[in-house]
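Novice: Below you'll find the structure I mean.
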Amino acid sequence: MSSLLSLPPWMQAAGLLVMSNVFMTFAWYAHLKNLNDKPWWIAALASWGIALFEYFLQVPGNRIGYTTVSLAQLKIMQEVITLAVFIPFAVFYMQEPIKLDYLWAGLCLMGAVYFMFRAG
């Protein structure tokens, strides 16, 4: 545990946000595969239960990240992480075909990262 705390704050934040995004992606989309035959409110309750664990990781991740990056930088970091988590989820878990559009979306986000993190 102490080795994790020796990482720079932005890396701690990124790690927590990656883990929180895994939970959130499952909360938002896994019910489409696993609970599609159940009423929507059952899927909503299951999603809320999963999302609780997401918040246990996301809130400290954002707080740690905000000590070294701006709010806008933190948001862009979150969006890049979201896409990085979503693509493997969509392809491997949901069995969606991989699309070239994922590459284009990633390139657009890299442009956003450049503008949010550049000096100036």
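The values are calculated or read from the model by the stated rules, or taken from the named source; none is laboratory data. The structure displayed is predicted, hence computed values, not measured ones. Cβ: placed from backbone, ideal geometry, glycine included. Neighbour counts: every protein chain shown.
Novice: Suppose we keep only residues that are of a type in the set (Ser, Thr, Tyr) and over 18 Å from Val22 (Cβ atoms) within region 41-77. Which one would you say is surrounded by the fewest Cβ atoms within 10 Å (Cβ to Cβ)?
Specialist: So the residue we want is Thr67.
Novice: Also, quick follow-up: Go through (1) surrounded by 14 or more Cβ atoms within 10 Å (Cβ to Cβ); (2) hydrophobic (A, V, I, L, M, F, W, C); (3) under 26 Å from Pro8 (Cα atoms) and name the single condition Phe89 misses.
Specialist: Here Phe89 meets the rest and fails (3).
Novice: Which helices (runs of 4 or more DSSP H) does region 1-42 wholly contain that include 1 or more residues that are within 25 Å of Glu79 (Cα to Cα) and without any contact (Cβ under 8 Å) to a residue 12 or more places away in the chain?
Specialist: 2-5, 9-25
Novice: Turning to a different aspect of this structure: Based on this model, can you work out whether Ile81 counts as surrounded by 15 or more Cβ atoms within 10 Å (Cβ to Cβ), within 29 Å of Pro8 (Cβ to Cβ) and in contact (Cβ under 8 Å) with a residue 60 or more places away in the chain?
Specialist: yes
Novice: Next question. Can you spot a residue in region 68-78 that is more than 23 Å from Cys108 (Cβ to Cβ), of a type in the set (S, T, N, Q) and out of contact with any Ser or Thr (no Cβ under 6 Å at 6 or more places or on another chain)?
Specialist: Yes, region 68-78 contains a residue that is more than 23 Å from Cys108 (Cβ to Cβ), of a type in the set (S, T, N, Q) and out of contact with any Ser or Thr (no Cβ under 6 Å at 6 or more places or on another chain).
Novice: Hey, can you tell me all the residues within region 83-117 that are of a type in the set (Ser, Thr, Tyr) and at pLDDT 95 or above?
Specialist: Passing the criteria: only Tyr93.
Novice: Within region 1-60, how many residues turn out to be at pLDDT below 95, under 17 Å from the mean Cα position of the chain (by Cα) and among the polar types (S, T, N, Q)?
Specialist: 0
Novice: Sticking with this one: In region 84-120, what residues are free of Cβ contacts under 8 Å to residues at least 24 places away in the same chain and farther than 25 Å from Phe26 by Cα?
Specialist: Selection gives Gly111, Tyr114, Phe115, Arg118, Ala119, Gly120.
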